[in-house]
Every structure is written in C-alpha cells, then in structure tokens.
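Structure, as structure tokens:
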Amino acid sequence: MSYSVLNTKKFIDVIKYRWLWLGISFIFLLPGIIAMLWSVKTYPTHAPLLVGIDFTGGTIIQYAVQQEVSTSDIGKIRLDLSKNGIDNPVIQVLKPVTAENDNAIKNLISIKTKFSENGQNETIDKVGNVISSDYQGAELVQVTSVGPVLGKQLFVNSMIAVSLALLAIVIYLTVRFHFEFAVVAFLALLHDVLFTAGVFSLLGIFCGVTVDSLFITAILTVLGYSVNNTIVVFDRVRENLKFYSKKATYNEIVNASVNQTLARSINTSLTTLLTLGSLYFLGGVTTKDFVLVMITGVIAGTYSSIFFANTLIALWHELQEKKQKKAAN
Amino acid sequence: MKNKIIMFWAIVILTIISIVIIRVKPIPLGLDLVGGSRIVLEAQTTDTIAKITQDMMDGLKAALENRVNALGVSETMVQQMGEKRLLIEIPNISDPKLAREFLGETAQLEFKKPILDETNNVRGYEPSGLSGDDLNKAEIGTDPAGRWLISLDFNAKGASKFAALTREFIGKPIAIYFNGSSISEPVVQQEITGGKAQITGEFSLEEAKKIVDLLNAGALPVPAKIIEENTVGPTLGADSLHKSKFAGIAGIIAVMIFMIAWYRVPGFIANIALIIYSLIVFAIFKMVPVTLTLAGIAGFILSIGMAVDANILIFERTKEELKSGRTLFTAINSGFDRAFTSIFDSNMSTIIICVILYYLGSSIVKGFALTLAIGVIISMFTAITVTKNLMHLMFGTGQLKHPGMFGLKESDINEAYTASETQREKAKFGVLD
C-alpha cells in the first residue's frame with residue numbers, strides 16, 4: 001500500500017456516524033431552544049433571554065462587602081429596600097472565583113432597580129443606608145445606569161451589528177468558497193450562536209444572569225471564531241478535492257480532511273480555552289459573564305467545526321448527487 | 001540565507017524599538033480600571049427650543065467643561081457624541097454624587113417681577129428679562145447674623161437691567177428663581193444701581209456653595225439629562241486591573257507550556273514569536289494610543305489564543321509534510337505556504353467582525369474590537385514571518401535527524417521512507433500522495 005494522505009489514521013468518522021453527531025447537536029441545542037421559547041412567552045419583554053439594563057434601562061448599584069452573604073440575607077435586603085421605597089429590586093451576589101489576598105474584593109452585592117431621571121442620588125442614598133446598616137465597611141464600588149430610550153437604541157444597534165456581521169460573513173464565504181460551503185458554514189455558525197444563547201437563556205431562568213451589550217460583543221466574537229474554525233476544515237476539503245477528486249469519493253475526502261485538521265482544531269481550542277479559562281478563574285468579577293459566553297461559544301464552535309459542518313456538507317453533496325442521478329434517469 | 005539574516009536583524013530591531021516605546025510612553029487606562037465617572041448627557045428639546053442646533057451643543061459643551069473643571073479633578077473630558085449627546089469622563093472622582101448633581105442641573109437663575117392686581121396685591125411673578133446670563137460672577141458670603149448668602153455681581157447690561165427693575169418695583173417684592181423654584185422673594189427697598197445684589201435665604205453651606213459654583217460655571221443653553229452613567233469606585237478599578245494583569249500573564253504562561261509540550265522546538269520558537277507579538281502589540285497600543293479598558297484587556301488576551309492558532313496550523317502542516325518524507329526545508333516552507341490560506345481566511349472573518357463592532361458598538365465594545373483587531377493583524381506578521389524566519393535559521397536544510405524535536409516519533413518518519421522511490425520523488429515536487 002502506498003503512502004497516502006487519505007490513509008491517515010481516522011480517529012473520527014464523520015460519515016459513518018453522521019446521525020449520531022447530528023443527534024448530539026440536537027440534544028444539546030434542545031434545552032436551550034425550549035428555554036428561549038419559554039422566555040419569549042413568559043418574560044414581559046418577550047425576549048428569548050433575560051435582558052439587562054443596557055437594553056431595558058435601569059440602574060445597578062454595587063457594593064463590595066467583606067462578609068459572606070447568604071440567601072436569607074438577600075431576602076432581608078430586599079425587604080428593607082422595599083420598606084425604603086425601592087420597588088422590586090433585583091439583588092444578586094457576585095463572587096470572584098479566587099480572592100488571593102485580603103485587599104481583593106470578596107463579595108459584590110448588586111442591586112438592580114428602575115432608572116430615575118432626577119432621583120438618582122436619592123436612590124443611591126437609600127440603598128446605601130440599607131446596605132451599610134447590615135454590612136459594616138460596605139463600599140459603593142459601581143453605579144451603572146441607562147435611560148430607557150437609550151436602552152432601546154442600544155438594543156436596535158446590537159441587532160443591526162449582529163445582522164450585518166452575519167451578512168458580511170456569508171458574502172465573504174461565498175466569494176472565497178463555493179456557495180454550499182458558505183451555507184453550511186452559516187448553519188454551523190447558527191448552531192454555535194443558538195447553543196450559546198440557549199445556555200444563557202437557561203442561566204437567565206435559573207440563575208438570573210442577564211445579557212447586555214457585552215454579551216452581544218461576545219456572541220459576535222464567537223461568531224468570528226466559529227467561522228474561523230469551520231474555514232480551516234473547509235479549506236482542507238477544498239485543497240484535497242483539488243488533488244483527489246478523481247481517486248476518492250467526496251465522503252472519503254471530507255472524512256480525511258476532518259482527521260487531518262483534527263489536531264489543529266483541538267489544539268487551537270485548547271489554547272484559546274487556556275487564556276479564556278485564566279480570565280474566568282483569575283480575572284475580575286465584572287468580565288466573568290463576558291468570558292463565560294466566549295467559553296461556551298468556543299466549545300460549541302469546536303464541536304460544530306469538527307462534527308456538525310462536515311456531516312452537513314457531505315449530506316448536502318449526497319443529496320445533490322442523488323438529484324443528478326434522478327435527473328439523468 | 002543572506003535575506004534571512006537581514007530579516008532576523010530587522011525583527012530584533014523592531015523588538016527593541018517596541019521595548020523602548022513600552023518603557024517610555026505611559027498607557028492610558030480606562031475609567032473601569034482607575035475608577036471614575038462616565039456620564040452621557042442628552043440635550044432636551046423644550047416648548048421654546050424645538051430643535052437642538054450645533055451652536056447649542058457647542059454652548060452646552062463649553063458650559064459643561066466649566067462645570068467639570070469646577071469639580072477640581074484633572075484629566076477630565078467632555079466630548080460630543082452624535083447630534084445631541086455629550087460624553088463626559090471624570091477619572092478619580094471622590095464624590096460621584098456631586099458630579100451627578102452638577103451636570104444634570106440647568107443652573108437657570110431668573111429674576112421675576114411681580115404681577116400686581118388693582119389693589120397692588122401680588123398675584124404672581126413673570127419673567128423680568130434679567131437672568132444668570134447677565135452675571136459677572138457669584139460669591140458666597142455671610143450676613144451679620146452669620147447666615148449664608150450669595151452675592152451677585154452683574155455685568156454692565158445686567159446692572160442697568162437690575163437698576164430698572166428695582167426702580168420700577170420699590171416697595172414691592174421681586175422673586176429670584178433658581179432652576180424653576182423660588183429661592184428668595186425680597187422686597188425692594190430702593191433702586192440699586194451698583195450692579196451688586198445679595199440673595200439671602202435659608203441656605204445651608206452646601207446649597208449656597210452649589211448654587212454659586214453652578215452660577216459661575218454658567219447656565220446650560222439647553223436643558224440636558226443624564227441618560228447613561230457608569231461610575232466605578234477606585235477599589236473595584238484597582239481590583240479589576242490587578243486581576244486582569246494576573247490572568248493575562250497566567251494565560252500566556254499556560255499557552256507557552258502547552259506549545260512546548262506539544263510542539264517541542266517549534267513550540268519554543270512560537271513562544272519567542274508570541275513574546276515579540278505581545279511587545280509589538282503593546283507598543284502599538286501606546287502609539288495609537290488605545291485606552292486600556294477591561295474589555296480591551298479581554299480582547300488582547302483572546303488575541304493571544306488566536307495568535308498561536310496560526311502557529312498551530314503551520315506546525316501541524318509541517319509535521320504532516322515531514323511525515324510524508326520531505327526534507328526539513330521544504331516541509332517548513334510548504335507548511336507555511338499551505339497553512340497561509342486558512343490563516344488568512346479565518347483572520348479576515350475576525351477582522352470583519354471587529355470592523356462592525358467598532359462602528360456600531362458603544363465605547364466599551366469599541367475598545368474590545370480595536371485591541372482584538374490590532375492583535376489579529378500583528379499576529380499574522382509574528383506568527384508567519386517571525387516564526388518562519390527563526391525556524392529556517394534554526395533548522396537550516398537537510399533531513400530531520402531528530403524527529404523528537406518536532407514531537408514526532410521515528411516510526412512516523414520511517415513510514416514515509418518505506419514508500420516507493422517514485423513516491424519520494426513526487427513528494428519533493430510538492431504532490432502529496
């Protein structure tokens with residue numbers, strides 16, 4: 001047997017087990033999709049995710065405290081705030097994953113309330129009184145507030161950004177690759193975005209995690225990353241098709257290409273996850289959610305570029321061949 | 001070979017220049033890292049102001065600059081965003097509450113004249129035409145009883161208006177309104193011609209001081225509202241900066257260990273390229289200059305992951321070529337050549353996203369997009385040119401004698417040699433089969 005690239009060891013067979021790979025995608029996408037549908041139906045905003053003040057308008061006031069804050073403490077804070085005229089506050093406790101020294105911030109109490117045009121200082125004073133009466137040494141560390149009109153604008157802008165990004169990528173792919181590659185890369189990208197959004201929809205329902213404009217940024221980065229991964233594999237398919245299209249079937253070529261690029265796909269994801277992981281576990285509290293979006297997206301992107309996109313491209317080709325045969329008959 | 005040596009020294013010089021720039025120039029840090037207030041104000045239309053003009057915005061900007069300066073903090077910034085918004089940044093502010101009060105207030109001082117009925121009773125007040133615009137300056141003072149008062153010094157026009165007003169209403173009250181509410185309603189004793197007046201009322205020191213500061217800074221030509229605010233305390237800022245630095249360094253070290261463990265000698269070369277990459281990127285950040293924010297740091301750290309991606313692509317490809325029996329020199333070259341389209345296409349997609357984010361995003365998002373884009377572009381240079389140069393200089397030509405240097409096994413290479421003579425010949429000419 002002569003040495004051939006097509007005979008490289010196959011760790012993964014994307015053709016034989018194609019329904020398994022697509023099935024796994026489906027199983028992992030489903031809970032997120034259900035969560036998003038449920039959210040659209042249940043939330044007053046009718047959004048598929050729990051949207052934060054960036055898009056709805058509102059004020060978030062954060063205090064750093066050295067003491068531990070339990071769930072019953074949160075209940076007490078909520079009650080005290082309502083007594084002081086702060087209606088329906090949403091209270092969360094954020095913790096950095098590690099607090100390596102005594103000066104580092106231990107717990108952040110985050111209080112979300114309405115945007116008030118004039119009474120901003122009054123609101124902050126009221127909240128401050130409640131928090132500092134319960135937690136000695138509490139320090140006001142962050143106030144973020146967005147007016148409702150601006151919120152709507154930010155939301156519209158974000159949606160325009162996402163749509164433009166999708167469009168630009170499809171155009172770029174169509175120019176550089178065949179149309180069918182562009183379509184499949186696009187589907188892989190939707191797969192990753194849907195998975196990531198689904199995870200955060202679930203996190204919104206169960207942990208109160210909200211999405212803001214940084215979330216959109218992270219999603220767009222994931223989008224770029226996902227295309228990036230898919231392109232590398234498709235680039236290999238394109239190259240192998242040039243040399244072997246006479247000697248091997250389309251399916252064999254796709255399968256070989258996936259396996260040739262497998263080490264790269266995994267290693268790149270690993271290095272990216274190493275940097276993202278260090279940001280998540282060692283970085284500041286405020287960027288944690290942002291990084292988590294990207295970690296989720298990178299994992300989804302790696303899976304889709306190995307299993308999802310290639311399974312689809314082979315399926316697409318098979319269907320077309322069948323069509324051609326039928327037409328010939 | 002000569003070209004390679006020239007290239008090598010060019011890289012060395014570029015690295016040294018980068019180090020010098022990094023040592024010499026400070027990097028501006030964003031408000032989320034040093035602490036401070038970032039406030040967006042929007043000019044509001046009223047019954048009398050139907051449309052916000054650029055002149056009004058210029059006036060508003062000037063007035064707000066005065067007010068921000070009155071806060072006594074350095075390195076403040078007032079900048080117009082779009083048609084009717086102003087972005088104000090105040091770093092290191094000790095009392096954001098004051099900023100919030102200061103910026104939102106219109107500081108409209110008005111003298112109103114009484115409306116009298118037939119029996120000379122006061123029915124109400126109407127504008128007299130004398131306002132804060134006619135002021136020279138305001139000062140805080142005390143009356144003999146020790147109460148706080150505000151003394152006003154009118155300009156020439158204001159002085160004559162004030163004289164006319166006091167002449168007309170001797171024995172009657174006039175009202176002084178500040179931001180739409182009456183703060184004092186003194187009864188005119190006699191005509192006042194000197195252009196000086198005093199407002200006595202029940203002021204606390206803070207109230208009096210605020211009114212004086214606002215009057216001196218000038219009224220806003222149009223009312224403006226705070227529509228967005230982000231104030232970060234210095235503790236949180238320092239905490240974020242410290243942790244991000246730590247996370248960044250830990251991330252780079254983890255990636256480097258991985259590269260050496262998996263790719264051995266080429267991995268080591270990629271690490272050198274990565275260090276050069278970080279130096280050049282930081283030098284560019286300082287040259288532009290890019291204000292470093294939390295999101296910006298995240299973008300930079302993410303770009304490290306992407307920078308090594310190019311090297312991973314190249315090395316995997318080189319390994320494959322070596323396995324198919326090529327000489328070192330050809331394997332390295334074709335590893336680079338064949339990986340290039342992948343690297344280019346995938347980086348282009350990231351750059352497209354960055355451009356969109358930069359144009360449509362808020363300022364936080366812009367910072368992220370800019371650092372990521374700079375990172376991706378520089379990584380194309382360091383991961384390709386620098387690594388290739390170092391690889392060639394290190395390995396030279398000839399067959400690979402120690403496959404372990406590439407993390408390969410002897411058996412991987414041997415397999416290639418068991419292929420027929422013609423296969424080996426073909427491989428040399430670039431046909432992979």
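For the reader, a short list of remarks on this structure follows.
- So B:Lys84, is it modelled with pLDDT under 85 and either touching a Pro at 6+ places or on another chain (Cβ under 8 Å) or within 14 Å of chain A (Cβ to nearest Cβ) (or both): no
- Within segment B:213-241, residues that are buried (at least 20 other Cβ atoms within 10 Å of the Cβ) reach partners that are part of a helix (DSSP H, G or I) and β-branched (Val, Ile, Thr) with beta carbons closer than 7 Å, at six or more positions or on different chains, in the pairs B:Ile227/A:Val149; B:Gly237/B:Val34; B:Ser240/A:Thr286.
- The residue that is surrounded by the fewest Cβ atoms within 10 Å (Cβ to Cβ), among those in segment B:90-145 that are aliphatic (A, V, I, L, M) and within 14 Å of another protein chain (Cβ to nearest Cβ), is B:Leu98.
- Test: residue in segment A:133-154 that is over 30 Å from B:Pro223 (Cα atoms), hydrophobic (A, V, I, L, M, F, W, C), at pLDDT 85 or above and more than 27 Å from the chain's Cα centre (by Cα): yes
- Test: residue in segment A:50-65 that is more than 16 Å from A:Val209 (Cα to Cα), more than 10 Å from chain B (Cβ to nearest Cβ) and in contact (Cβ under 8 Å) with a residue 24 or more places away in the chain: yes
- Test: residue in segment B:110-128 that is among the β-branched types (Val, Ile, Thr) and within 26 Å of A:Gly119 (Cβ to Cβ): no
- The set of residues from segment B:205-244 being of a type in the set (Lys, Arg) and either at the interface with chain A (Cβ under 7 Å from one of its Cβ atoms) or within 18 Å of the chain's Cα centre (by Cα) (or both) comprises B:Lys225, B:Lys243.
- Subset of segment B:326-351 that is within 11 Å of A:Asn228 (Cβ to Cβ) and within 8 Å of chain A (Cβ to nearest Cβ) - its residue that is farthest from the chain's Cα centre (by Cα): B:Ser342
- Residue selected from segment A:109-155 under the condition part of a strand (DSSP E or B), more than 8 Å from chain B (Cβ to nearest Cβ) and touching a helix residue (DSSP H, G or I) at 6+ places or on another chain (Cβ under 9 Å), by the criterion surrounded by the fewest Cβ atoms within 10 Å (Cβ to Cβ): A:Lys112
- Count of segment A:242-257 residues which are touching a helix residue (DSSP H, G or I) at 6+ places or on another chain (Cβ under 6 Å) and under 17 Å from B:Thr341 (Cα atoms): 1
- Qualifying residue in segment B:22-35 (condition: more than 14 Å from B:Thr291 (Cα to Cα) and free of Cβ contacts under 8 Å to residues at least 24 places away in the same chain): yes
- All positions within segment B:259-307 that are aromatic (Phe, Trp, Tyr), under 23 Å from B:Lys25 (Cα atoms) and within 14 Å of chain A (Cβ to nearest Cβ): B:Tyr277, B:Phe300
- Residues of segment A:13-41 classified as surrounded by fewer than 16 Cβ atoms within 10 Å (Cβ to Cβ) and more than 30 Å from A:Asn251 (Cα to Cα), total: 6
- Residues being within 29 Å of A:Ile171 (Cβ to Cβ) and of a type in the set (D, E, K, R) - total across segment B:317-361: 4
One line per residue, one yes/no per condition, for (1) under 28 Å from the mean Cα position of the chain (by Cα); (2) over 20 Å from A:Lys152 (Cα atoms):
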| position | (1), (2) |
| --- | --- |
| A:Ala35 | yes, yes |
| A:Lys76 | no, yes |
| A:Asp80 | no, yes |
| A:Glu117 | no, no |
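- Residue in segment A:274-287 that is more than 11 Å from every other protein chain (Cβ to nearest Cβ) and touching a residue at least 40 places away in the same chain (Cβ under 8 Å) present: no
- Selection status of A:Thr311, out of contact with any Phe, Trp or Tyr (no Cβ under 6 Å at 6 or more places or on another chain) and either away from every other protein chain (no Cβ under 14 Å) or closer than 25 Å to B:Glu316 by Cβ (or both): no
- Candidate set: segment A:218-263, residues that are of a type outside the set (S, T, N, Q) and assigned to a loop (DSSP other than H, G, I, E, B); chosen: the one surrounded by the fewest Cβ atoms within 10 Å (Cβ to Cβ): A:Lys246
- The listed residue being charged (D, E, K, R), away from chain B (no Cβ under 14 Å) and within 23 Å of the chain's Cα centre (by Cα), out of A:Lys41, A:Lys10: A:Lys41
- Test: residue in segment B:268-290 that is among the small types (Gly, Ala, Ser) and within 26 Å of A:Ala185 (Cα to Cα): no
- Residues that are closer than 19 Å to B:Phe246 by Cβ and of a type in the set (Ser, Thr, Tyr), drawn from segment B:267-316: B:Ser278, B:Thr293, B:Ser303
- Any hit, segment A:216-234, residues being within 9 Å of another protein chain (Cβ to nearest Cβ), of a type in the set (S, T, N, Q), over 30 Å from A:Ile111 (Cβ atoms) and over 26 Å from the mean Cα position of the chain (by Cα): no
- The sole residue among B:Ile249, B:Ile312 that is in a helix (DSSP H, G or I) and facing chain A (nearest Cβ under 8 Å) is B:Ile312.
The values are calculated or read from the model by the stated rules, or taken from the named source; none is laboratory data. What you see is a predicted model, and the numbers here were worked out from it, not measured in a lab. So basically every Cβ, Gly included, is an ideal-geometry build from the backbone, and we count neighbours across all protein chains shown.
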